[in-house]
Amino acid sequence: MNGSIRFPHLGITLDHVIKSVSIGGFEIACYGIVLALAMVTGLLLAMRVAKATGQDPDKYFDLGLTAIVASVICARIYYVVFSWDYYREHLAEIVNLRQGGLAIYGGVIGGVITVLVAARWKKVGCFRALDTAVIGLVWGQIVGRWGNFFNREAFGEYTDSLLAMQLPVSDVRAHEITDAMRAHIRTVGDVAYVQVHPTFLYESLWNLGVLLILLFLTFRVKKRFDGMVFLAYLLLYGTGRLWIEGLRTDQLLWPGTNAAVSQVLSGILAAAAAVLLMIGKKYGKGTNDYESERTVNAKNRGRT
């Protein structure tokens with residue numbers, strides 16, 4: 001493994017990007033460290049939003065831990081199901097997460113279902129819970145995508161654009177190198193590089209924009225309905241993923257077709273969210289005035 005990653009048009013060269021760290025003789029993948037950081041900070045952000053909007057952050061701590069476990073399991077199941085041609089011959093690899101293999105949409109589906117179920121148990125409004133939790137989710141996606149950076153995965157086809165990224169051929173899985181990449185291999189010193197779209201970076205930056213819009217909807221838009229922030233996430237994230245997924249070379253495909261699973265799902269979710277937002281705007285009840293809620297909650301606490 002060479003360990004270098006280059007962004008030639010930006011003049012950036014990272015000579016020693018590690019893939020794992022050794023602690024007490026045990027190798028811990030940077031991918032796992034980044035995902036753990038994404039989950040913890042996402043949970044803390046959701047709790048902070050809950051507190052700022054007059055809700056009980058402790059309920060979101062319990063809800064978030066449950067959702068994180070379910071999300072990881074469902075993300076792996078989703079990935080394995082749509083990569084079954086490989087895993088049916090390598091059953092032992094199904095539980096090996098050190099090399100990646102978590103599909104975000106699987107995690108989102110698992111997390112949403114868990115939040116809906118757990119919210120009822122915790123006596124939190126289901127759609128209000130989704131509006132709050134989704135802010136932690138999108139932050140987790142912003143951070144978590146950098147796990148793909150350390151793993152040298154989730155990149156796109158050859159490009160010579162401003163953000164083009166170069167990876168040593170020896171550091172990339174051979175089956176992910178396309179004919180176009182091979183035709184444009186660049187040699188720097190004695191190292192051969194493929195030059196690709198850094199789609200992990202595109203998605204991380206796109207999600208940063210999504211997060212800012214969701215925070216604006218949460219704290220600056222007075223007239224809204226429960227579920228509005230979550231639907232906005234589906235619309236915005238789905239639209240971005242629809243574009244970004246088309247650039248990737250490691251797509252999960254619907255069996256027997258050349259259709260990318262995430263691209264199809266992104267289009268469906270974005271379209272459905274757009275329709276539901278229009279319906280909710282017209283018929284949705286409640287303004288969700290969080291400032292008023294905080295005042296009411298403070299008065300109630302004063303009476304107890």
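Could you tell me whether Ala103 is loosely packed, with under 15 Cβ neighbours inside 10 Å and either without any contact (Cβ under 8 Å) to a residue 12 or more places away in the chain or closer than 24 Å to Asp250 by Cβ (or both)? For Ala103, the condition - loosely packed, with under 15 Cβ neighbours inside 10 Å and either without any contact (Cβ under 8 Å) to a residue 12 or more places away in the chain or closer than 24 Å to Asp250 by Cβ (or both) - is not met. One residue stands out in the range 1-42 among those that are assigned to a helix (DSSP H, G or I) and among the β-branched types (Val, Ile, Thr): the one that is nearest to Thr66 (Cα to Cα), namely Val40. The residue list Ala75, Ala67 contains one member that is in contact with a Ser or Thr (Cβ under 7 Å, 6 or more places away or on another chain), surrounded by 14 or more Cβ atoms within 10 Å (Cβ to Cβ), of a type outside the set (Phe, Trp, Tyr) and within 25 Å of Leu269 (Cβ to Cβ), which is Ala67. Residues in the range 1-52 that are touching a Lys or Arg at 6+ places or on another chain (Cβ under 6 Å) and loosely packed, with under 15 Cβ neighbours inside 10 Å: Thr13 only. Criterion applied to Leu130, Leu91, Leu97 was being at pLDDT below 90 and either touching a strand residue (DSSP E or B) at 6+ places or on another chain (Cβ under 9 Å) or surrounded by 21 or more Cβ atoms within 10 Å (Cβ to Cβ) (or both), and the one residue passing it is Leu97. Taking residues in the range 9-31 that are within 15 Å of Glu153 (Cβ to Cβ), and partners anywhere that are in a helix (DSSP H, G or I) and of a type in the set (S, T, N, Q), the pairs with Cβ atoms closer than 9 Å and at least 6 places apart or on different chains are Lys19/Asn151; Ala29/Asn151; Cys30/Asn151; Tyr31/Asn148; Tyr31/Asn151.
Results for (1) at pLDDT 95 or above; (2) loosely packed, with under 13 Cβ neighbours inside 10 Å; (3) within 23 Å of Gly156 (Cβ to Cβ), shown as yes or no for each residue.
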position	(1), (2), (3)
Leu252	no, no, yes
Gly256	no, yes, no
Val261	no, no, yes
Val264	no, no, yes
Ala270	yes, no, yes
Ala274	yes, no, no
Asn288	no, no, no
Glu291	no, yes, no
Arg294	no, no, no
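Cβ-Cβ below 6 Å, separation at least six or inter-chain, first residue in the range 163-175 and crowded, with 16+ Cβ neighbours inside 10 Å, second part of a strand (DSSP E or B) and of a type in the set (Gly, Ala, Ser): which pairs? Every condition considered, the pairs that remain are Val169/Ala192.
Residues of the range 176-234 that are under 27 Å from Asp131 (Cβ atoms) and of a type in the set (S, T, N, Q): Ser204, Asn207, Thr218.
Within the range 117-124, does at least one residue satisfy the condition of being buried (at least 21 other Cβ atoms within 10 Å of the Cβ), under 16 Å from the mean Cα position of the chain (by Cα) and farther than 30 Å from Leu10 by Cα? Checked the range 117-124: no residue is buried (at least 21 other Cβ atoms within 10 Å of the Cβ), under 16 Å from the mean Cα position of the chain (by Cα) and farther than 30 Å from Leu10 by Cα. Gly25: small (Gly, Ala, Ser) and more than 25 Å from the chain's Cα centre (by Cα), yes or no? In short, yes.
The values are calculated or read from the model by the stated rules, or taken from the named source; none is laboratory data. For clarity, every value in this text was computed on a predicted model and none was experimentally measured. Counting neighbours? That spans all protein chains shown, and the Cβs are built from the backbone with ideal geometry, glycine included.
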